[in-house]
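No value in this document is a laboratory result; all are computed from the given coordinates. Small disclaimer: the values here were computed from a predicted structure and weren't measured. Here the Cβ positions follow ideal geometry from the backbone for every residue, glycine too, while neighbour counts run over all protein chains shown.
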Amino acid sequence: MKRAKSSRSLGILPALFFVALAGITFDFFAFANRAAESVPAVAREADGVVALTGGSGMRIAAGVDLVTAGRGERLLISGVNPDVGMDDLITLAGGAPETYACCVDIGYRAETTIGNAEETAVWAYEHGYTRLIIVTSDYHMQRSLLLLRRAMPDIELQPYPVRTVVDPSALLRDPKSFRGVLTEWAKWRVTALG
């Protein structure tokens, strides 16, 4: 009798494993799908714009374009390497040097997305901002917003996702995109549960 019960219990373990695996797989592809389908609408006006650095100058370029278009009065570029100056950013991302001179602040302290959230909060509160446009890669936006909202629960955040070198719509065709989105999904899941 005891053997029958234990063999039934052992039979449940593989079923539970496959149910858990199916749930994890569904969660990953749902995350990737949200990222792939996120496209910036026309940005509403805000007090400021924040571009989180990483990978390429595309995030910065989008942030500069938003400030140039009058969507925010200033741009914080958060997470810039201390060896990179204003001229390097202009070369990397383009945009009018006048925009950088009048309206761009460079944040050198952040080294992680948590650091971006802390650096952004300090900048926003120093300027008295209550509405920000957040610019980062589409696949990075979900975790960024979680962390930024924790750091600034009283500030309205408007996502402005950009497609960069990692393409969440190309998971099954591009190993680099698959790895990038998988890594970001794992970080987002840990952050969401924390």
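Just add up the charged neighbours of residue 52: K/R +1, D/E -1, any other residue whose Cβ is under 11 Å from the Cβ of residue 52.
Numbers: positive: 59, 143; negative: 119.
Net charge in that neighbourhood comes out at +1.
Report the full-extension gain for the segment residue 16 to residue 173: residue separation times 0.36 nm, less the Cα-Cα distance, to one decimal in nm.
Numbers: separation 157, 0.36 × 157 = 56.52 nm, distance 3.00 nm.
Extra length from residue 16 to residue 173 when fully extended: 53.5 nm.
On a 0 to 90 degree scale, rounded to 10, what angle separates helix 58-68 from the longest Cα axis of the chain?
Approximately 40 degrees, to the nearest ten.
Report the one residue of 58, 160, 144 whose Cα lies farthest in the direction of the positive end of the charge dipole of the chain (charges on C-beta: Lys and Arg +1, Asp and Glu -1; origin at the Cα centre).
Of 58, 160, 144, it is 144.
Give me, ordered by chain and number, the residues 5 or more places off residue 76 or on other chains with an amide H under 5 Å from its own placed amide H.
Long-range HN contacts for residue 76: 49, 50, 51, 105.
Given axes a ≥ b ≥ c from the Cα gyration tensor, I'd like to know whether the range 49-147 is rounded (a/c under 1.5), prolate (a/b larger than b/c) or oblate.
Working: a/c = 1.39, a/b = 1.19, b/c = 1.17.
Cα axes put the range 49-147 in the rounded bin.
Compute the signed sum of charges (Lys and Arg +1, Asp and Glu -1) over the other residues within less than 14 Å, Cβ to Cβ, of residue 148. Can you show the working numbers first?
Working: positive: 131, 143, 149, 150; negative: 118, 119, 154, 156.
Here the charged neighbours net out to 0.
Counting trypsin sites (Lys or Arg not before Pro) as exposed when in a DSSP loop with at most 14 other beta carbons within 10 Å, what is the longest stretch of the chain free of them?
Details: sites that count: 44, 109, 173.
Counting only loop sites that pass the neighbour cut-off, the longest clear stretch is 45-108.
Could you tally the net charge around residue 27, taking each other residue with its Cβ under 12 Å from the Cβ of residue 27, Lys/Arg +1 and Asp/Glu -1? Let's see the in-between values first.
Working: positive: 34, 189; negative: none.
Net charge in that neighbourhood comes out at +2.
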